[in-house]
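The next block holds one structure in the form of structure tokens; read it before the comments.
The values are calculated or read from the model by the stated rules, or taken from the named source; none is laboratory data. Computed from a prediction, not measured in an experiment: that's the story for all the values here. All Cβ positions, glycine included, derive from the backbone under ideal geometry; neighbour counts span all protein chains shown. The area values use the complete protein model at the heavy-atom level, side chains included, leaving out ligands, DNA and RNA. Shrake-Rupley method; radii C 1.70, N 1.55, O 1.52, S 1.80 Å.
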Amino acid sequence: HGDRRTCLFSASTTSVTQAYSSIAVTMSALVALFENKHIVDDRDPFVLYDSEELSVEVLLPDVAGYYIQIVVLLLGQIFLSLVLCTITYYGIVKADSTTSGSLLGFGLLLPFALVSPFPLIEALDIPNKCVRMLVLTTPLTYSLRCLEAMAGYVPKHATTSLGAYLTRNGFLLYPKSDPKTSLPIRAGVGAFLRQLRTYLKHLIFMTLVFSVLSPYDYQPFEPYNRPPTDVFIAWHWRDLANTFVGAWLMSQTLAYSLGGVFMAIILLGRFQPAPIVDNPMLESSSVSDFWGRRWNQLIHTGLKQGVYKPVRSVTSNAALAGFTAFLASGLLHEYVWSVIFYSSRHDEKYESNTTILHPVFGKSLLFFGWNGVLIAIEFWIGRDRWRRWTTKIPKPVLAAMVVLLALPVGHLFTGDMITGRYMHHMQKAAALIVVNRKPVGTVA
């Protein structure tokens, strides 16, 4: 018996050692993969035109480095989401007791999901803010889905089986549903090719956008307030114009970056993801239309299911529920900022190459709180009355009016992303056209 126990102990020790060695080898490979930090645009230019007056160069997308990092992290985020959603399904959705489900959610799953980006950023030394945003995808989406599960608002068709639940919640993006059956619309090779075509169009468009705005550091107008993020309301037309450009850029980069996620999910989940952004800056007809149907439907759906519906069921007050959802969104974005601008132990190495920004807590809360008030006012006015008041206003003018309601405080939301070089870190994912004017008589 003693020999048997010795053999079992030896086998267990060997298994633990092998597991540790495998983890160490995997971490070493990941650290090597993330050796290029992508905070400096050091791509080799391809010269298109060169003369005594100017040269035109093209920087091609960094497929070999930047895109590989993104794919690896995306697959990791999907895997983490599937694991957390599996535990949620059995431990919360199918739990006999709501108390045990709440303890599991608030006591373990939510804290783990929200804390998970920080050790990953430290271990892999990730200073690129766009890559950090990708590390946030599971914490952001899962936290709201966990709240939805604990509140009992998971749609019925998603509770019938683990597969149905994972299809809706496990692949980061929500599936596009059949309006008659509410079931996910399945997708195959044809849908993938259509999404690839859309993504390539976005790539060309973002190449032009980055090429035009990058020389101006994505602030085409000289800010009236320096920095504009230091004031609550920025009324000067230059600040308003920069804020509009920043918000429009964020909506475009959101659609562009999620286009790649769409393709991954079509391949892995075999379903068509639901649209995320629908031209909010130029086509919104009201504040609720802007936030409820056009801007980031991924987060909107999560807030609606995990915050708005539970609060409304308790209070029977739509305006209060809407305002609470916006406050929750403000807290969620404060968390996003804390990750994107997280000060890691590696930051000192990059101070000469990037902007080390320490955002002031509360700006996102103020911005989304402002919009929560606007939503409450819209509820008080009534949608039918609002439609009567605005029915004769041309759509572009109405969209501009809607955007202007929030634009004076919009810099609280967009300012840190621009000054913190988020767009500079993203531009390596697209091509960049660089025009250099040279003194007369100079030849490259």
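List of remarks:
- Among complete DSSP H helices in the chain, those whose alpha-carbon atoms stretch at least 20 Å along the helix's long axis and whose mean Kyte-Doolittle hydropathy reaches 0.0 are 2-33, 68-88, 137-151, 189-213, 237-269, 318-340, 363-381, 395-419.
- Working ranking of peptides 200-211, 246-257 by packing, defined as the average number of other Cβ atoms within 10 Å per residue, highest first, is 246-257, 200-211.
- Straight-distance crosslink candidates among aspartates and glutamates, where the alpha carbon sits under 13 Å from residue 309 and sequence neighbours closer than 8 are dropped: 148
- Stokes-Einstein diffusion for segment 86-227 at 10 °C, viscosity 1.306 mPa s, with a Kirkwood radius from C-alpha pairs, works out to 85 µm²/s.
- Peptides 134-145, 186-197, 378-389, 320-331 ordered by packing proxy, namely the average of other Cβ atoms within 10 Å per residue, highest first: 134-145, 320-331, 186-197, 378-389.
- Per residue, the solvent-accessible area of the chain (1.4 Å probe, heavy atoms of protein chains only, all protein chains present) comes to 50 Å².
- Within the same chain, lysines fewer than 8 places from residue 37 are excluded, and of the rest, those with a Cα less than 26 Å from its Cα are 129, 349, 428.
- Counted by Cβ distance under 12 Å from residue 293, the other residues give a net charge of -1, where Lys and Arg count +1 and Asp and Glu count -1.
- With distances taken between every two different alpha-carbon atoms, the chain has a Kirkwood hydrodynamic radius of 24.1 Å.
- Counting only Cβ charges, +1 for Lys and Arg and -1 for Asp and Glu, the dipole size of segment 58-155 around its Cα centre is about 120 debye.
- Residue ranges 417-427, 94-104, 151-161 sort as 417-427, 151-161, 94-104 when ordered by packing (mean number of other C-beta atoms within 10 Å per residue, highest first).
- For segment 39-87 versus segment 333-402, the gap between their alpha-carbon centres in whole angstrom: 27
- Fraction of accessible area attributable to carbon and sulfur, segment 63-118 (%, probe 1.4 Å): 78
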